[in-house]
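The values are calculated or read from the model by the stated rules, or taken from the named source; none is laboratory data. This structure is a prediction, so every number in the text was calculated from the model and none was measured. Quick reminder, even Gly has a Cβ in these numbers, built from the backbone with ideal geometry, and neighbours come from all protein chains shown. Heavy atoms of the whole protein, side chains included, go into the accessibility calculation; ligands, DNA and RNA do not. Shrake-Rupley method; radii C 1.70, N 1.55, O 1.52, S 1.80 Å.
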Amino acid sequence: QKEVEQDPGPLSVPEGAIVSLNCTYSNSAFQYFMWYRQYSRKGPELLMYTYSSGNKEDGRFTAQVDKSSKYISLFIRDSQPSDSATYLCAMKAGTASKLTFGTGTRLQVTL
Amino acid sequence: DAGVIQSPRHEVTEMGQEVTLRCKPISGHDYLFWYRQTMMRGLELLIYFNNNVPIDDSGMPEDRFSAKMPNASFSTLKIQPSEPRDSAVYFCASSLTRFRGNQPQHFGDGTRLSIL
């Protein structure tokens with residue numbers, strides 16, 4: 001079993017929809033949680049990060065962490081075609097330097 | 001500011017050949033990471049360096065893979081001899097140590113490697 005599980009999709013939604021992307025994990029030592037966005041033929045870029053449990057909002061994006069359930073989510077409001085990309089969750093333990101990534105969910109926002 | 005720079009962007013070579021991938025991290029960053037990305041396995045960490053010293057190479061798949069960081073501004077990942085199953089996109093990332101909090105990793109745009 002992988003340490004981080006993520007539905008690969010693809011997920012197709014119409015423009016303006018609310019998108020929910022999720023990851024589950026098994027390592028209770030994970031404390032930092034990140035979402036990266038990766039456009040086709042580009043490297044991942046950091047979108048959001050949270051520490052421990054709770055919510056964090058940045059514009060149209062909201063990241064949620066539920067450590068008790070070992071479950072993290074990324075919500076995208078008013079989705080745009082420019083949001084079409086692969087979204088990777090990543091996480092690490094407090095003092096660790098390396099990240100553990102999910103396999104990514106491919107999102108397509110259609111006009 | 002220049003980001004992480006990788007070269008070449010694409011590499012196509014025949015099985016058995018030596019392949020060298022190059023990375024220039026962001027200036028001032030003290031961590032450098034090499035990843036491999038495939039459809040089946042996603043993004044896997046191969047090795048990472050701190051202040052030019054390899055810290056964890058447990059993700060390097062075989063002895064055919066080696067990585068070096070001779071100075072703070074340059075790193076190489078070498079595969080010798082290459083095999084078709086090494087075909088993947090290889091990413092380099094760098095990050096900066098901060099006193100506390102998360103240190104985001106900044107990724108290059110990758111080298112797309114095809115071994116025929």
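Can you confirm whether residue B:90 is of a type in the set (Ser, Thr, Tyr) and under 21 Å from residue A:91 (Cβ atoms)? So residue B:90 fails the test.
Output yes when any residue across segment A:60-68 is assigned to a strand (DSSP E or B) and within 30 Å of residue B:54 (Cβ to Cβ), and no when none is.
The answer is no; no qualifying residue exists.
In segment A:80-107, which residue that is away from every other protein chain (no Cβ under 13 Å) and in contact with a Leu (Cβ under 8 Å, 6 or more places away or on another chain) is most open to solvent (accessible area, probe 1.4 Å)?
So, considering only residues that are away from every other protein chain (no Cβ under 13 Å) and in contact with a Leu (Cβ under 8 Å, 6 or more places away or on another chain), the one most open to solvent (accessible area, probe 1.4 Å) is A:81.
From the list A:77, A:41, pick out the single residue that is closer than 29 Å to residue B:7 by Cα and open to solvent by 10 Å² or more (accessible area, probe 1.4 Å). Steps first, please.
Values: A:77 fails: closer than 29 Å to residue B:7 by Cα.
The unique qualifying residue is A:41.
Applying the condition of being more than 9 Å from chain B (Cβ to nearest Cβ) and among the aliphatic types (A, V, I, L, M) to segment A:9-38 and asking which residue is most open to solvent (accessible area, probe 1.4 Å) yields A:18.
In segment B:27-57, the residue that is surrounded by the most Cβ atoms within 10 Å (Cβ to Cβ) out of those that are among the β-branched types (Val, Ile, Thr) and in contact with a strand residue (DSSP E or B) (Cβ under 6 Å, 6 or more places away or on another chain) is B:47.
Can we say residue A:55 is open to solvent by 10 Å² or more (accessible area, probe 1.4 Å), out of contact with any Lys or Arg (no Cβ under 9 Å at 6 or more places or on another chain) and away from chain B (no Cβ under 14 Å)? First the steps, then the outcome.
Values: open to solvent by 10 Å² or more (accessible area, probe 1.4 Å): yes; out of contact with any Lys or Arg (no Cβ under 9 Å at 6 or more places or on another chain): yes; away from chain B (no Cβ under 14 Å): yes.
Yes.
Against the criterion of being modelled with pLDDT of 90 or more and open to solvent by 20 Å² or more (accessible area, probe 1.4 Å), residue A:46 qualifies.
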